1. Give the aspartates and glutamates reachable from residue 89 as a straight Cα distance under 14 Å; neighbours fewer than 8 places away on the same chain don't count.
2. Take the Cβ-Cβ distance between residue 6 and residue 56 as r, set R0 to 30 Å, and report the resulting FRET efficiency rounded to the nearest 0.05.
3. Counting other Cβ atoms within 10 Å of each Cβ, which trypsin sites (Lys or Arg not before Pro) in segment 15-112 have at most 15 and sit in a DSSP loop?
4. Taking a quarter of the surface of the Cα convex hull of the chain, what do you get in nm²?
5. Compute the length gained on full extension between residue 38 and residue 143: take 0.36 nm times their separation in residues and subtract their Cα-Cα distance, giving the result in nm to one decimal.
6. Name the residues whose placed amide hydrogens come within less than 5 Å of the amide hydrogen of residue 22, ignoring near sequence neighbours (fewer than 5 apart) on the same chain.
7. For residue 29 and residue 76, what is the calculated FRET efficiency with R₀ set at 22 Å and r taken between the beta-carbons, to the nearest 0.05?
8. Before anything else, pin down the relative contact order of the chain: Cα pairs under 8 Å, at least 6 apart, normalised by residue count, whole percent.
Amino acid sequence: MTPLRIVKGDATSPQASGPKVIAHVCNDQGHWGAGFVLAVSRRWPGPERDFRQWHRGRAGNDFALGAVRLVEVQPSVWVANMIGQHGIKTGSSGPPVRYEAIGRALTTVGDRALELEASVHMPRIGCGLAGGRWDKVEPLVVAGLCNRDVPVTVYDF
């Protein structure tokens, strides 16, 4: 097991050498324009473009809760768009975060990180606009990544 590392900093500027995956949570409605995705889009246009195309083609692809797409943004750096929230607003069924979907997505990210021999970098996924709680997300990160010896760094501002 590799311990989870929490540091102050910006997840779009990963503090590590070697291949890196920057993971974040997206919604299942195709909306991109608030939260961490703005920082991603300021650095690289590819993840937003790919997410929008993926959503537009959803009738014929795997766009759904728990799905993941990795977009290479520079040599040996990928952004993982993980579908882990249903909708974008808190409603009668609670906040948009979907913990089970985040868990499935993290397992997929772990598989890819192991293939790429990459470390994984992220903000406190699912805990911003998605309305999730870190005490519920952290065990998913540990199970999907740390327990599989994938180095993980979580960035706090």
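1. List returned: 28.
2. After rounding to 0.05, the efficiency reads 0.25.
3. 89
4. 8.5
5. Values: separation 105, 0.36 × 105 = 37.80 nm, distance 2.78 nm.
Gain in length upon complete extension: 35.0 nm.
6. Excluding prolines and chain starts, which carry no amide H, the hits are 78, 79, 80, 121.
7. Here the calculated transfer efficiency is 0.10.
8. Working: 316 pairs, mean separation 55.0, N = 157.
Contact order relative to length: 35 percent.
Where a number appears in this text, it was derived from the coordinates with a stated rule and is not lab data. Note that the structure is predicted; figures quoted are calculated from it, not measured. Glycine also receives a Cβ, built like all others from the backbone with ideal geometry; neighbour counts cover every protein chain displayed.
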